[in-house]
Amino acid sequence: MAEQMKTWESRVHRVEPYTPGEQPKIQNIVKLNTNENPYPPAPAVQRVLTDFDVEQLRKYPDPTADELVSALSENYKVPKDQIFVGVGSDDVLAMSFLTFFHSKDPILFPDITYSFYDVWAGEFEIPYETIPLKEDFTIDPLDYISVEKGGHREGPIGGIVIPNPNAPTGIDGNVEMIRKIIENNPDAVVIIDEAYVDFGATSVLPLIDTYDNLMVVGTFSKSRSLAGSRIGFGFGSRKLIKYLSDVKYSFNSYTMDAITLKIGAASLGDTAYFEDTCQKIVATREAAKKRLKELGFSFPDSKTNFLFVTHEKVKATELFAALRKEGIIVRHFQQPRIDDYLRITIGTDEQMQRLYDFLEDYLKQF
Ligand SMILES: *Cc1c(COP(=O)(O)O)cnc(C)c1O
């Protein structure tokens, strides 16, 4: 029998948490399940750690994160007061939800997308509606534009969140489509989550000069191989960043530690390494498209560091289990519309070869 809820429990804020991809402790696995970068961070990051003076940890870190913000400012050519940083883009996005989506009108995001959005909406009690992607998993911009402006949306729009490229589909929605959505929504904040933009898509960053309600969010977790350091950033108008910073400082002033600030700046300092790593992943991805097609898979065209695949004969759940037994970990989402798909992170050529070798052999029986 279920235990009766105590009175104090009835006063607790209870939420449905996000489930991150697993981090198995087993040795020698091929880990292709959380879109981490298979290459190490830039060499300068190692030097930061080797040279770090622990005496610095006695003091609180710089609450303005100036070293990192300055490096971002230089790298992306954006003024410092238009930059926000946080503990991974999850932190930047969560703070943005808390700050910008404070009305009774529902925020909109795709039905198939980053599965943290509905969790934050639940956490902060933000009303939301998911907008179904088209049959081919692309976004129809008119779904995010009100009927008065020539779109399909009936009813108010309290805000919009769209990852571009989208996850887990990998599809690049292109700048013109995103611009159309922003242009027709001057009354709500539009967040574009660019976690995967460095793998071949185009950023909408230049649009922050035109639209003061646009927030562009990025991360060091994927293209800069720093998922373990938790570094995220956001760009927007001065006003937008000011509102965001005010909420942050009323919540936790010291979100980023002294070592991480230096690591982030060091990573930004090595553009050649960054570009080389991204290019290697793009090349491996393009080869993977060819190879997986030959093996009977189909997938939307990806501009990210993963492929979202479905097989012509074998069910995704079955493949997932077979791969897992072989020590190859991929991601499966138990969710309507996509439960016959697997999301496979692009690893090194060697890791991908292990995947192809197994699949080639395993698929013979079907
Ligand atoms: C990985 C990911 C993030 C979060 O990355 P952080 O590690 O928190 O920076 C945000 N959005 C999307 C779409 C992602 O795939």
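Residue by residue, what Karplus-based ³J(HN,Hα) values in Hz, rounded to whole numbers, does the stretch 287-304 have, using 6.51, -1.76 and 1.60 with θ = phi - 60° and x for Gly and Pro?
5, 5, 4, 5, 5, 5, 4, 4, 8, x, 9, 10, 6, x, 5, 9, 10, 10
Treating the beta-carbon of each Lys and Arg as +1 and of each Asp and Glu as -1, no other charges, what is the dipole magnitude of the stretch 1-142 about its Cα centre, to the nearest 20 debye?
So the magnitude is around 340 debye.
Sort F52, F274, F306 by Cβ crowding within 10 Å, fewest neighbours at the top.
Fewest-to-most Cβ neighbours within 10 Å comes out as F52, F274, F306.
Of the residues D143, D276, D51, which exhibits the maximal mean-square fluctuation in a Gaussian network model of the chain defined by a 10 Å Cα contact cut-off?
Largest GNM mean-square fluctuation: D51.
Which loop-located trypsin sites (Lys or Arg not before Pro) does the stretch 174-233 contain, where loop means any DSSP state but H, G, I, E or B and the Cβ has at most 14 other Cβ atoms within 10 Å?
none
By count of other Cβ within 10 Å, fewest leading, how are S267, S302 ordered? Show your work: numbers first, answer last.
Values: S267 26, S302 29.
The fewest-first ordering by Cβ neighbours comes to S267, S302.
Post the alpha-carbon centroid distance, the stretch 183-243 to the stretch 325-366, in whole angstrom.
Each part's Cα centre sits 31 Å from the other's.
Quick check on the chain: take the gyration tensor over C-alpha atoms, sort the square-rooted eigenvalues as a ≥ b ≥ c, and tell me if it's rounded (a/c under 1.5), prolate or oblate.
Since a/c stays below 1.5, the shape of the chain is classed as rounded.
Tell me, Y18, Y144, Y211 in order of fewest to most beta-carbon neighbours within 10 Å?
Y18, Y211, Y144
Using the Karplus equation 6.51 cos²θ - 1.76 cosθ + 1.60 (θ = phi - 60°), what ³J(HN,Hα) coupling, rounded to whole Hz, does each residue of the stretch 319-330 give in order, writing x for Gly and Pro?
Result, ordered by residue: 5, 4, 5, 5, 5, 5, 4, 8, x, 10, 9, 10 Hz.
So what is the 222 nm mean residue ellipticity for the chain from helices alone, if each DSSP H run of at least 4 adds -39500 (n - 2.57) and you divide by all residues, rounding to the nearest 500 deg cm²/dmol? Numbers along the way, then the final one.
Numbers: 11 runs with 124 residues, N = 366.
My calculation for the chain gives -10500 deg cm²/dmol from helical runs alone.
Within 10 Å of each candidate Cβ there may be at most 15 other Cβ atoms; applying that plus a DSSP loop requirement, which trypsin sites (Lys or Arg not before Pro) in the stretch 55-143 survive? Working shown, then result.
On the way: sites: R58, K59, K77, K80, K104, K134; in loops: K59, K77, K104, K134.
Answer by residue number: K59, K77, K104, K134.
We did not get these values from a lab; they are worked out from the coordinates using the rules stated. All values reported here derive from a predicted model rather than from experimental measurement. With ideal geometry, Cβ positions are generated from the backbone for all residues, glycine too; neighbour counts draw on all protein chains shown.
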